[in-house]
1. What percent antiparallel are the DSSP beta bridges of chain A, to the nearest 5?
2. Go ahead and collect, in residue order, the members of region A:175-207 whose backbone nitrogen is under 14 Å from a label point 7 Å along the Cα-Cβ direction of A:E68.
3. Tell me the net charge near A:G157. Cut-off is 11 Å between Cβ atoms, A:G157 excluded, with +1 for each Lys or Arg and -1 for each Asp or Glu.
4. Could you pull out the GluC sites (Glu not before Pro) across region B:34-129 that fall in loop regions by DSSP (anything but H, G, I, E, B) with no more than 14 other Cβ atoms inside 10 Å?
5. Mind giving me the FRET efficiency for B:W146 and B:W175? R0 is 30 Å, r the Cβ-Cβ distance, nearest 0.05 is fine.
6. List the residues of region B:257-273 whose backbone N lies under 20 Å from a point placed 7 Å from the Cα of B:L57 along the Cα-to-Cβ direction.
7. Determine the shielding of peptide B:268-274 by partner chains: average, over its residues, the number of Cβ atoms on other chains within 10 angstrom of each Cβ.
8. Using the beta-carbon distance between A:D423 and A:T196 and R0 = 51 Å, what value does 1/(1 + (r/R0)^6) give for FRET efficiency, to the nearest 0.05?
Amino acid sequence: MKLWIPMAAAAFIAITAGSAHAARTELVLGMPLEPPHLDPTAGAAAAIDEVLYANVFEGLTRIGARGEVLPALAESWTVSDDGKTYTFKLRTGVKFHDGTDFDAQDVKFSLDRARGEDSTNAQKGLFTAIDTVEVVDPSTVKVTLKQPQGSFLYNMGWGDAVIVAPESAETNKEKPVGTGPFKLENWAKGSSITLTKADGYWGNPVALEKAEFRIIPDAAAAVPALLSGDVQALPNFQLGDALPQVQSDPRFKVVIGATEGETILATNNKKPPLDQLKVRQAIAHVIDRQAIIDGASGGFGVPIGSHFSPANEAYVDLTGTYPYDLAKAKELLAEAGYPDGFKTTLKLPPVAYARDGGQIVASELRKIGIEAEIIPVEWADWLKQVFTEKDYDLSIVSHTEPNDIDIYARKDYYFNYDNPAFDKVIEELNLTSDEAKRKELYQQGQKILADDAVNGFLFELPKIGIWDAKIDGLWENSPIQANDLTRVKWVD
Amino acid sequence: MSIYLIRRLASGLLTLVVASVVIFFVLEILPGDPARLMLGMNATEDAVQALRVQMGLDEGLYARYVQWACGLLSLDFGRSYTYSVPVAELIRERAAVSLPLALIALTLSTVIAIPVGLFAAARRGRMGDTMAMTVSQFGVAVPNFWFALMLVYVFSVWLRLVPAGGFPGWQSGIWPALKALILPALALALPQAAILARVTRSALLEVLGEDFIRTARAKGLTRKATLWRHALGNAMLPVLTILGLQFAFLLAGTVIIENVFYLPGLGRLLVQAINQRDLIVVEGVVMLLVAAVVLINLLVDLSYAFVDPRLRTRA
């Protein structure tokens, strides 16, 4: 009988504790663009990864909140001395959401599919170094590279490198089946995507039972949605003029973080007179980065002096390479043979930072006699004219892929930049896995690009996150495009 | 009457055929490659080419037109490039929002506009008329997205009566779905009602100047009875024309309101498809709209015959 009292007390405590801590387990997030489909291995749209990465799909490795490489489906790995063979030890007991087991065959299938002949992977380049993928046993995979690649483990953490199952790979666009802590519940096209907690997840259990990504195309609509409580988080949303209204409200947290988006004044390095270093240097001298950040990005964003993210460990501040100096700029133009300036064009894609930034850049250029005619283009048209056909002089765009300084070594890329010294740095970088050495090479590369004034380097695109002050665990920065919900919870 | 109907049907069909040719070939001229758009700037050329083959874009232009047009005959609109689901399915999902929204908005605007128009016409030049027309002038001039935002701030943020936006889907029940459509329907209906009220008023005034009205008054009918029995029916023609035009507009011209309330309607589907160069979706939606306009015009013409007996015999 005596036992009853403590038991009843314990039960009472349990009940009251339970109700007092009946924390919310549902979250509605707003995002401006809808993913075209739900397969991260078949599209470049950031919205795909923003819903699915780490939540529904996982890769061998994963990228953490600070951009670090962490183990995911591979619990550990060893690298051969020549840097060409990676042996991955896989987690066991992992299941896909449809109940099928995850094993080494799925890894081989996914990697072979991504690099295959009819692959439609948007980042097929991540896999080109792979020579063979061998299944050693169900929990061991050996990947052999054609040549060492220092960034291989990082590459395997991209959303485009997630592991899919052969049974569901073809239908992932509609019904994504992954190994992550959340599974797809429903996709109401044009409206919202709902994820629910998956049973039997192998890793740390997640706190949220349900997460809904609601598509809100307009900033003017996102604010009332937030204020009315319909939506509790806007993890990456350009609110523009409406931001101060939310900033002053103690119910919400406004977190300004960094993305991997280098916003640049893209320059056609083969188009006269932009092919002359002195002309590009002159342009670099009239770029007033702070004015552009204030006018085109609401005052948020970090100035950059080369094509590299300030959030990265290997970053060097090169914004002082060509400081704002009109007299110097005019002098350089005169030396190049254009004392009165020249006429050029500036093709702008339909994003606010480009359209607004373009106005500012054009007015700065006018001060040294360069008349830049602004030509607004749609995205599809931009990709065709500027990116594919290289029919442009100047443009403004943000390169959002992480760690993508190697694009300057690509042959026939739309900057039309060609510098063997830079190519050599990237080549060496690919062969190096020693972190200290890699850092040094990255810094050399940044320096070359800044000195050559390949493009006008403007600023790093900010990640403006707004969410309920009671939400904990959303990413502050965006080292890759993702809304990792695995550690998100409501706190009192 | 039946010859008239057949002639109207034939000309409607011809319009559709011509429209399909124009829509298809004009859109194909648009610069941009849907495969490159999908895979982005970092994609290799062979991956883009593989996707182009998957989308069926490697076939010739004429072959694709014939394939598309033949599909239309059996109501097969093809497969979306970006969503990779049948276009017909996408349109059906979106029409489940846009069609009820347009109907509610149209009903609201008619219910508001006709009485206001009658009221103003009956009091021509007096205080009531001036006030009604001033208010309707405001209704025409106020941008509907601003009005929509005001509605959201009052009814969602402040009073919390209805959601600020979004659409839960009809499967969540009639009432939650209707609740999501109330504010957008109001925002759409008021400017339309303002226009309609003005049209109703001026049509009535024109009719009121006709000889038969004087005759009706001369034989002893009251002003009110004349208005209802003789004037209103005869003033319906321009009102019906405007109603038909408004309905066609409400079906897909509502993208601004759809954005403010983030509703998954036809207008947003269309704009999104244009941006993503999902041309087959654009073609399907535009074709459907053409068909809707043709049908609405046919119905409006038939209803002319209904309100005006002279048109029945003339054909």
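The numbers here are math on the coordinates, done by the rules we state, and not lab data. Because the structure is predicted, anything quoted here is derived from the model rather than measured. Ideal geometry is used to build each Cβ from the backbone, glycine not excepted, and the neighbour counts take in all protein chains shown.
1. Values: 54 of 70 bridges.
If we restrict to bridges inside chain A, about 75 percent are antiparallel.
2. none
3. Details: positive: A:R62; negative: A:E58, A:E68, A:D160.
After counting each charged neighbour, the total is -2.
4. Working: sites: B:E45, B:E59, B:E89, B:E93; in loops: B:E59.
Loop-located and lightly packed - B:E59.
5. Values: r = 28 Å, r/R0 = 0.94.
FRET efficiency, B:W146 to B:W175: 0.60.
6. From region B:257-273, the list is B:269-273.
7. Numbers: counts 5, 2, 0, 1, 6, 0, 2.
Across B:268-274, the average partner-chain Cβ count within 10 Å equals 2.
8. Working: r = 48 Å, r/R0 = 0.95.
Computed FRET efficiency for A:D423 and A:T196: 0.60.
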